[in-house]
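Read-outs: derived from the displayed coordinates by stated rules, not from any lab. The shown structure was predicted, so the numbers you read here are calculated from the model rather than taken from an experiment. All Cβ positions, even for glycine, are placed from backbone atoms using ideal geometry, and neighbour counts span all protein chains on display.
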Amino acid sequence: MAFVSLRSITTYALVALLLVMASTAFAQDNYQTVEWTDLIPKDDLEAFLNPPDSINEIEDGSDADKIASQIKAALDEPGDSRYQQALVSTKVIAEFDGKAIRIPGFIVPLEFGVDRHHITKFFLVPYFGACIHVPPPPPNQIVYAEFKKGFKLSSLYDPFWLYGTIKTTIVENDTATAAYSIEVDSIKPYTEE
């Protein structure tokens, strides 16, 4: 019977732990970190950065303040139609298609696994409440996600990092339209780095 010392076991365990940590760090380094503005085509971003003057007008309760009137007025004003188009844009950055990325955001649950506790399909959005408490962001600011393994969401207030391969695929449902989709490899709680 071979005798293995405690020191040998400890050394092997330490080496194994270091290898696991190194492979995890390497795997995370293989994902390009993406900010939400990276997903917006230049002309849409320009429209958002230069909103029409009518956006800042004060409402006084008149008929002109009704939503339909505001949209019609905005579309009639030169330059405003570009802003309105950007609000519903499905234009994407084609270079992202098939890239391994990581992106931070908030979860909007869409479908649960068989146990009804683990979310398997959801939207990732850039700010809390999007698609739930407030109108959805533009489609190129929503990522449809599928995570076969599923995960349990404790709170809608919690942001997460999603790791996976992004696609430039439009997905529509009753909640919103997403111009991107991602097959999720892993989900981690968001921490600033």
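Restricting the first member to the range 85-105 and to residues that are acidic (Asp, Glu), and the second to residues that are surrounded by 15 or more Cβ atoms within 10 Å (Cβ to Cβ) and assigned to a loop (DSSP other than H, G, I, E, B), the beta-carbon pairs closer than 6 Å and six or more apart or on different chains are Asp97/Thr168. Comparison of Tyr157, Tyr190, Tyr163 shows that the only residue that is more than 24 Å from Val88 (Cβ to Cβ) and out of contact with any strand residue (DSSP E or B) (no Cβ under 7 Å at 6 or more places or on another chain) is Tyr157.
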